[in-house]
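Report on the structure given below.
The values are calculated or read from the model by the stated rules, or taken from the named source; none is laboratory data. Bear in mind that the values here come from a model prediction, so they are computed numbers and not experimental data. Cβ placement follows ideal geometry from the backbone for every residue including glycine, while neighbour counts extend to all protein chains displayed. Surface accessibility is based on the protein's heavy atoms, side chains included, excluding ligands, DNA and RNA. Shrake-Rupley method; radii C 1.70, N 1.55, O 1.52, S 1.80 Å.
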Amino acid sequence: LSLAAGAIAILLLTCAAVLVTRRTQAALRVQLDLALSNMHQGLCLFDRDERLILRNQRFLDLWGLNEDDCTPGMTLKAVAATVTRGRDAFPAGDDWHARMQDTLSHSLADPDAAPVIAEIGDNLVLSIASRALPDGGWVSTFDDITERRRSEEKIAFLAMHDGLTGLPNRARFNVWLDFELERATRAGQRLAVVMMDLDGFKEINDTHGHAAGDLLLEALAARLSAAL
């Protein structure tokens, strides 16, 4: 009876431990799903055989995919074909896939490699980072940097262009002039620069206000650009 009671106790403890473990694993799975679903970045996890283990909702949203379009078990090539299908900005054929494989191999071989910037047409710019895992698989994250890229381009444009007219400013003119002078010197040629002065512009600002002066500059810039 003592042995039977001990065996039953051990069995009950084992069942309780299994139950607690399963509940803990279920809770962890729920937490993992919540974390993946609320990530700002898209994420894909692949095994050592280049098969998809999991991907989050953000990844599907970035590429405009449905749940059934990208499922666990798909190969890397199948996933790549799925995300590029219907996007004219992507080249077709095995050559593109080979380049993608080379880029991925480089990223996985160097933990300090910079993310790959992928420009998808005119409406999407992604920063893609891939890191190798100890078991031979890897994880890739996809960050939408479209707005950041646009802001950087706008800042770079404003640094070399006039904010009112959109024409090249004095800094851009100096860069252009240095380049043209150097080219003329190499070619044994001369360079002519024509300067036009807008007479009476101060009086326009003083009489009609700076808003009227801005309108005049915009109109003049438009006419000169059209003539050029």
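Take the Cα of A187, step 7 Å toward its Cβ, do the same at I155, and the gap between the two points is 3.6 nm.
Note that segment 77-82 has calculated 3J(HN,Hα) couplings of 5, 5, 5, 4, 5, 5 Hz, one per residue in order, obtained from phi through the Karplus relation 6.51 cos²θ - 1.76 cosθ + 1.60 (θ = phi - 60°); glycine and proline are x.
Under a 5 Å amide H cut-off, with hydrogens placed 1.01 Å from N, N56 pairs with L43 among residues at least 5 apart or on other chains.
One way to sum up the overall shape of segment 142-201 is the equivalent ellipsoid from its Cα gyration tensor, whose semi-axes run 32, 20, 6 Å, largest first.
Listed values for segment 47-59 are Karplus-derived 3J(HN,Hα) couplings in whole Hz (6.51 cos²θ - 1.76 cosθ + 1.60, θ = phi - 60°), namely 8, 5, 8, 6, 10, 5, 8, 7, 8, 9, 5, 4, 4, and x replaces Gly and Pro.
Using mean projected area of the Cα convex hull in nm² as the read-out, say which of (1) 15.8; (2) 11.6; (3) 24.8 was calculated from these coordinates. Read-out taken from this structure: (3).
Given a 1.4 Å probe and every protein chain left where it sits, what share in percent of the accessible area of the chain is carbon and sulfur? Carbon and sulfur: 58 percent of the exposed surface of the chain. Here the 3J(HN,Hα) profile of segment 105-122, calculated from phi with Karplus coefficients 6.51, -1.76 and 1.60 at θ = phi - 60°, is 4, 5, 5, 6, 6, 10, x, 9, 5, 5, x, 8, 9, 10, 9, 9, x, 9 Hz, Gly and Pro shown as x. For the options L217, L164, L12, a Gaussian network treatment of the chain with springs between C-alpha atoms closer than 10 Å singles out L12 as fluctuating the most.
Under a model in which nothing but the beta-carbon of Lys, Arg (+1) and Asp, Glu (-1) is charged, the chain shows a dipole of about 680 debye around its Cα centre.
Under a Gaussian network description of the chain, with springs only between Cα atoms under 10 Å, the residue in A171, A156, A192 that fluctuates furthest is A192.
If you average the C-alpha positions of segment 51-81 and of segment 99-142 separately, how far apart do those two centres end up, in angstrom? So the separation of the two Cα centres works out to 15 Å.
Accessible surface calculations at 1.4 Å, restricted to protein heavy atoms, place the chain at 72 Å² per residue. Only helical DSSP H runs with n ≥ 4 go in: add -39500 (n - 2.57) per run for the chain, normalise by residue count and round the 222 nm mean residue ellipticity to 500 deg cm²/dmol. After summing the helix terms and dividing by residue count, I get -18500 deg cm²/dmol. Computed from Cα positions, the angle between helix 146-160 and the longest principal axis of the chain comes to roughly 20 degrees. Lys/Arg Cβ at +1, Asp/Glu Cβ at -1, dipole of the chain taken about the Cα centre: which of H208, L228, S107 is farthest positive-ward? Final value for the positive-end residue is S107.
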